[in-house]
1. Just going by the charge dipole of the stretch 135-180, with Lys and Arg at +1 and Asp and Glu at -1 on Cβ, which of Pro162, Phe172, His142 is farthest out on the positive end?
2. Can you tell me the Rg and the Dmax, both Å, for the Cα atoms in the stretch 613-652?
3. If each of Tyr314 and Thr469 carries a label point 7 Å out from its Cα toward its Cβ, how far apart are those two points in nm?
4. How large is the accessible surface of Asp112 in square angstrom, using a 1.4 angstrom probe and rounding to the nearest 10?
5. Would you please classify the overall shape of the stretch 99-220 from the alpha carbon gyration tensor, given that a ≥ b ≥ c denote the square roots of the eigenvalues, rounded means a/c under 1.5, and beyond that prolate means a/b larger than b/c while oblate covers the rest?
6. Which cross-chain or sequence-distant (5 or more) residues have an amide H under 5 Å from the amide H of Met490, H modelled 1.01 Å from N in plane?
7. How would the stretch 561-629 be classified by its alpha-carbon gyration tensor: rounded, prolate or oblate, with rounded meaning a/c under 1.5 and the a/b versus b/c comparison settling the rest?
8. With every protein chain present, what accessible area does Arg247 have (1.4 Å probe, heavy atoms only), rounded to the nearest 10 Å²?
Amino acid sequence: MSRNLGLLLGSIHMGVAENVWSSFVREAERRGWTLFVFLGGTNNAETDVKYLRGRIFSLAASLKLDGLIGWSSSFGNAVSIEEYSGFPHGLGTLPFVSISHKVSSYPCVLFDAYNGMKDLVTHFIRAHQAENIAFLRGPKDHQSAQDRFNGYRDALIEARLPVNETLVSPAFDWGDGGAACEVLVEKRSLVPGRDFDTLIGSSDMMIFPAIEYLEKRGYKMAEDYRAGGFNDSFESKLLPKQLSTVRLPYAELAETSFSLFEALCDGNRSLDGANDVILPCTVILRESCGCSYRPALSLEEAQLTEHTHLLARYRTQTLQNVLYALKSALRGVRDERALVESLARHLPKIGIDTAALVLDNDDRGEIMHETTWTFSKTGIRVGKTLPESFFSGFFMAAPLFRGKRPAGFFIHNIPFYDGVILEELRSAVSRAFEDTFPRRPPEKPEPKRNRRIIAAAFDTCLPFEGFSTTLCTKEELTEQAAVLLPAAVMLGTLDTEAITAFRRRDAMTPLVILPDRITDREAVEQICLLPRVILCHRAAAYSGAFTERLCSIVDGGKILPVSTGKLVKKALPFIDEMGTSQISRWKLAASVHVSEDYFTRIFRRELGLSPWEYINRLRVSIAAEMLLHTGKPIYAIALDTGFKECAYFNRVFKKIYGKPPNQLRKTNLT
């Protein structure tokens, strides 16, 4: 019997996500079911949970869904277990199956991460005589990450090897493997090959940037140290010597989830914890651990492999060309029909021949699908319901936003399994949607009288107009704040002791940290846990936009919650390190595992500047120092600070400093 099923995921293009949803699509195809893949969680850590909870359950009725399956691990740290557990509360009698995390009494499918990691570590010990095994820990509150660490630890104990905490990194997010490895090498002065013979990451997504980090410092994987990961995601195959890892039972997870779901649909509502299923993981041995992996290929097999690679490259290039043409066309759209016509003109070229914009009645804040624009082989249609063509096949349903408010879904058929390309498409449509339906300007809060600021660890008065500023040392900060009761407190250094000491005494006064360098990732991780804290590079803070943001804060404006603000804070060390190189928008967003448009929104809400305004101010600040203290020509300084063109550098420099670069240099000489 055919079913209509929804799958909840955090993303479609990072880590295990692509393996997960593609396995579910294949299983739906095998069974002849209709599947909708709903994206959320990491796109908007502050509002996606409530958005998905209300909108998806509302949309589920119009899509005639028989129920939902939720993959909790894919939501990462952007959604807490408590928040994720609230998803089924709006389902009523609609069946729900959870994967990787037990939710209430609903049936659950789990994978045995503990024994998978334990078996991998045991292989390194027995087959390769590994004795000093370093480990990169995953997110602190992630159950599967904890299971993997426990498997690593117990494998050492069973082999009678010491569990050396110095070899274990602090807990980091999945994409922060480079930062985790930096703690081991830079902070703890560990040397690969001397202090540890093996490096294992909680995921392939973690170990890949760690290997790149060590490569830049001259340490070769499989020569100076062995390496292993977990998940068997695409990152495991990107290295010259492919990664030994632990493969999740992707196909079995999909098949088992569908079977439990079918049992619920057939009336077996008594399924509970006794029916939960735990599936084993499989150790995959490749070259990174020292095992021989690649078999010798015959000439015919080698030619076939080369042909397959060339064909894949051709298809990817074709997809990218169509996407580029679509993005160019979307820049000019200014109404709903023009937007849909552009989609209908370009997307069929890459196999997307059925798509819809399901728009909410956002003006009144109601969860009601007011307008539905669709295109298919029969043409463009506008109405309040989806046509029958959407009730057979496999579809993505990605959220759309107007400013920070959810506004509907972009739904389209799934023609291929390239999550990166589909995410680029979602991002392009989302940006075009925001341009077509701009947000209203926010209402400004009534100003308060208190404009006093206490500034600690600054050499001079700060250039913020409209404030009464009192300077003090960081040792005097807490005492001064208790006496003067400021509207905000500023600190000119990333001193975690001073920051935590102040926050222990005062949990509510906004704390604005303005260091001249933000490179200490461990310190940033610590302040990410504290409420009502703003972190910004001093060069970017000395701007009118940041001053306006500061005014908003002291006048009672909102500060992002910890779970959202940390995404901005964790991107700042990446910007500090990579800001003078060619940094792309998607890489910046990917560094904290969110979409490009969402990252831009929360960055501006946190600091008052866009990411590019922030980066340009850092670059120009560095350029000004070089102009004053070196004899380099201006075009060379422009290139050294990340600007592709000298003319653009001159325009940005003059906009920030009020004079072109050559005048700044002349003024200094005179």
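The values are calculated or read from the model by the stated rules, or taken from the named source; none is laboratory data. Treat the numbers as computed from the prediction; the structure is a model and nothing was measured. Methodologically, a virtual Cβ is constructed for each residue, glycine included, from the backbone with ideal geometry; neighbour enumeration extends over all protein chains shown. When the accessible area is computed, the model is the full protein with side chains, heavy atoms only, and any ligands, DNA or RNA have been set aside. Shrake-Rupley method; radii C 1.70, N 1.55, O 1.52, S 1.80 Å.
1. Pro162
2. 9.1, 27
3. 6.3
4. Its accessible surface works out to 40 Å², give or take rounding.
5. oblate
6. Hits under the 5 Å cutoff: Ile454, Ala455, Ala456, Val512.
7. prolate
8. 100
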